[in-house]
Amino acid sequence: MKQTDFILCPICNSKTRIKIRSDTVLENFPLFCPKCKQETLINVKQLNMSVIKEPDAKTQSR
């Protein structure tokens with residue numbers, strides 16, 4: 001039987017509503033946490049999650 005786990009929020013480490021199996025592959029997945037109300041882009045492969053860092057918006061200087 002395949003192992004299943006809930007994805008944990010990378011910000012507050014609480015359980016999200018997304019359940020993945022050991023053969024699940026996610027790329028550029030927008031993970032929303034209902035507790036801290038943050039959205040994070042993640043990649044998941046073989047139950048290993050990595051967070052995609054987005055560059056901050058740069059302000060325009062005159």
Selection from region 22-41 of residues open to solvent by 80 Å² or more (accessible area, probe 1.4 Å) and assigned to a loop (DSSP other than H, G, I, E, B) yields K35, K37, Q38
Return the residues of region 42-55 that are more than 16 Å from F6 (Cα to Cα) and open to solvent by 90 Å² or more (accessible area, probe 1.4 Å); say none if nothing qualifies.
K53, E54, P55
Report, ordered by the first and then the second residue, all pairs with beta carbons closer than 7 Å, sequence separation of six or more or different chains, a first member in region 39-50 that is within 10 Å of F29 (Cα to Cα), and a second member that is part of a loop (DSSP other than H, G, I, E, B) and polar (S, T, N, Q).
V44/T24
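The values are calculated or read from the model by the stated rules, or taken from the named source; none is laboratory data. In this text the structure is predicted, and so the values were computed from the model without any measurement. Positions of Cβ are backbone-derived with ideal geometry, glycine not excepted, and every protein chain shown enters the neighbour counts. Note: accessible area is taken over every heavy atom of the protein model, side chains too, but ligands, DNA and RNA are not part of it. Shrake-Rupley method; radii C 1.70, N 1.55, O 1.52, S 1.80 Å.
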